[in-house]
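See structure below.
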Amino acid sequence: MSKRFDLPEIIPVFPLPGALLLPRARLPLHLFEPRYLAMLEDALKTPERLIGMVQPSPAPGREDCTGLHRIGCVGRVTQFSETEDGRYMITLTGLSRFRVTGEVEGFAPYRRARVCWDSFERDMGPAETDPGFDREGFMNLLSRYFRARSLETDWESLQQADDELLLNSLSMLLGFEPEEKQALLEAPSLATRRETMVTLLEYALRGGEGEDIVQ
């Protein structure tokens, strides 16, 4: 999966509110609904083992009342285990963002989308860096945020993480609203993702959003 042409035009998609996957990051998922168990079974039959994560969006006229955001991220199933009652714990490793160009009708119980990979070539490359990252200032802001929410974390691990791992992990784990996570996903570079996150953290510290800040 190191080459762009390996990415197909049609992929299964999992519209899960608040779940964010980013390139080169890992997302654990718990699958138990029959349609998503079928999606996993079909994905595992292919050499790529791809599942696209995408945020739902309002779509009047749909029976399930949900459309799909235009941009999502595809991941490869890199770990999976089955529980005694037939559920699955899986890990998706992010490969590349995509743009949804339409949904594909068919007999599959899960949703499938026709997607375009153009403009996301950088996602399949090496880890990004953020040359303008003021890590000390960012960590001070993050520390204020955690203290305000009475949260704990492994600060040593955060300090040692490289720029991309730190910023992408926080983007995925902190309990931002779905539309805020979509903004983090759509950020064109690691630097703009960091700028977006700083804005969200500062807004939260001013009392801008509800109670449940961390998932």
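Since every read-out is calculated from the coordinates, none of them should be taken as a lab result. Note that this is a predicted model, so its numbers are computed, not measured. Cβ atoms come from the backbone with ideal geometry, glycine included; neighbour counts cover every protein chain shown.
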Among Gly72, Gly125, Gly137, which one shows the biggest mean-square fluctuation in a GNM of the chain, springs joining Cα atoms closer than 10 Å?
-> Gly137
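Let me check against my output: what whole-number percent is the relative contact order of the chain, with C-alpha pairs under 8 Å and at least 6 apart? Numbers along the way, then the final one.
On the way: 350 pairs, mean separation 47.3, N = 215.
Relative contact order for the chain comes out at 22 percent.
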Can you tell me the 0 to 90 degree angle between the C-alpha axis of helix 135-148 and the longest principal axis of the chain, rounded to 10?
-> 80 degrees
How much FRET efficiency would the formula 1/(1 + (r/R0)^6) give for Ala108 and Leu173, where r is the Cβ-Cβ distance and R0 is 30 Å, rounded to 0.05?
-> 0.45
Based solely on its DSSP helices, what 222 nm [θ] is calculated for the chain when runs of n ≥ 4 H residues each add -39,500 (n - 2.57) and the sum is averaged over all residues, nearest 500 deg cm²/dmol?
-> -9500 deg cm²/dmol
Quote the FRET efficiency, to the nearest 0.05, computed for Asp162 versus Glu202 with a Förster distance R0 of 22 Å and r equal to the Cβ-Cβ distance.
-> 0.40
FRET efficiency, Ser57 to Glu9 (Cβ-Cβ, R0 25 Å, nearest 0.05) | 0.70
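Which of the GluC sites (Glu not before Pro) found in segment 111-154 are in a DSSP loop and have at most 14 neighbouring Cβ atoms, other than their own, within 10 Å?
On the way: sites: Glu121, Glu128, Glu136, Glu152; in loops: Glu128, Glu152.
The qualifying sites are Glu152.
What does the highest-first list of 92-99, 16-23, 104-111, 74-81 look like by mean Cβ count within 10 Å? Before the final figure, lay out the partial values.
Details: 92-99: 22.0, 16-23: 19.5, 104-111: 13.0, 74-81: 16.9.
In descending order of packing, they fall as 92-99, 16-23, 74-81, 104-111.
Using the crude model of +1 on Lys and Arg Cβ and -1 on Asp and Glu Cβ, and no other charge, please compute the dipole size for the chain relative to its Cα centre, in debye to 20.
That gives the chain a dipole magnitude of about 420 debye.
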Name the residue, out of Ser171, Ser119, Ser150, whose mean-square fluctuation peaks in a Gaussian network model built on the chain with Cα pairs under 10 Å.
-> Ser150
Full-extension gain in nm, Thr46 to Thr153, via 0.36 nm per residue minus C-alpha separation = 34.7 nm
Mind listing the long-range amide H neighbours of Gly175? Cut-off is under 5 Å, sequence gap 5 or more, other chains count too, H placed in the peptide plane at 1.01 Å from N.
-> Val214, Gln215
From the backbone phi of segment 183-195, what are the Karplus-calculated ³J(HN,Hα) couplings (6.51 cos²θ - 1.76 cosθ + 1.60, θ = phi - 60°) in whole Hz, Gly and Pro given as x?
-> 5, 5, 4, 7, 4, x, 8, 5, 4, 6, 5, 5, 4
What is the packing order of peptides 177-184, 47-54, taking the mean over residues of other C-beta atoms within 10 Å and listing the highest first?
-> 47-54, 177-184
